[in-house]
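Here's the structure, in structure tokens; my notes come after.
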Amino acid sequence: MPFPFELAVDPATLAILAAVAFLAGFIDAIAGGGGLLTIPALLTAGLPPHLVLGTNKLCATFGSATASYTFYRRKLFDPSKWRNALIATAIGATLGAVIAHWLPAAWLNQMLPVVVFGCGLYLLFGKTPDVAHSQDATIPRRRQWPQGLGLGFYDGVAGPGTGAFWTVSSLLMYPLDLVRASGVARSMNFVSNAMALAVFIAAGQVAWALGLSMGIALMAGAFLGARTAIQGGAKFIRPVFILVVLALTARLVWQHWIG
């Protein structure tokens, strides 16, 4: 299927989109919220709205794959402990992407700013376990099913703030420190992005040339962001996370309450 608007993207615009994708990948690998930058950028580039979500999922899959692999290589995410969450997230994201067009999501959109802002408040005032306490902790498996199904479904339907929801819910439900909770969030984001992307591909709603170009830049940003987050630890992740949450809250309030 041809995409004539892709051919009209001049090199300067493509360079700007790549720079935005790099920054989005860096932020997303640390705290989530990369879509806060890439979705408006894709809309500004002239993509029809029905292709924006699919193309953004392509970009996000590149970035989340890079970030999750970085956390895995540093032994900050153990897939064997999160098997149920991985399966549940895949199922939830697939279902969410398939029925996204039939859901009356207006009420959910208006609730999003409140929930996202609550995540930021929890991390601002809450106390999280330290690394030594959580490194070898047992991760309850039964809790992973509702968490994975719910957040995977949400990411398939909409997506804004999914990384924040994963981070905060994992801190609440399991004995994890902030760095490992971020590793869980990035890994589950990859699964939900990949499954939703498969649905968008089947529906022909992906602008491949533009999405791949931005995806490569997003990968580079995610690689640097993940390494920075791991080296900086909770002292670095916490303020970045809170800033991203505040920005995401402001955007959602404007989009769904005011705009």
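The values are calculated or read from the model by the stated rules, or taken from the named source; none is laboratory data. Predicted model only: the values in this text are computed from it and were never measured. No Cβ is skipped: glycine too gets one built from the backbone with ideal geometry, and neighbour counts run over all protein chains shown. The accessibility values were calculated without ligands, DNA or RNA, using every heavy atom of the protein model including side chains. Shrake-Rupley method; radii C 1.70, N 1.55, O 1.52, S 1.80 Å.
Annotations
- Looking at the range 139-259, the accessible area is 38 square angstrom per residue; that uses a 1.4 Å probe and ignores ligands, DNA and RNA.
- Gyration tensor verdict on the range 188-236 (Cα atoms; rounded if a/c is under 1.5, prolate if a/b is larger than b/c, oblate otherwise): oblate
- Estimated at the nearest 10 Å², the accessible area of Ile87 is 80 Å² with a 1.4 Å probe.
- Cα-based Kirkwood hydrodynamic radius, the range 137-185, one decimal, Å: 11.0 Å
- Prolate/oblate/rounded label for the range 178-259 (Cα gyration tensor, a/c 1.5): oblate
- On the range 160-239, 74 percent of the accessible area sits on carbon and sulfur atoms, based on a 1.4 Å probe.
- For the listed peptides 196-204, 52-60, a ranking on the average number of other beta carbons within 10 Å per residue, highest first, reads 52-60, 196-204.
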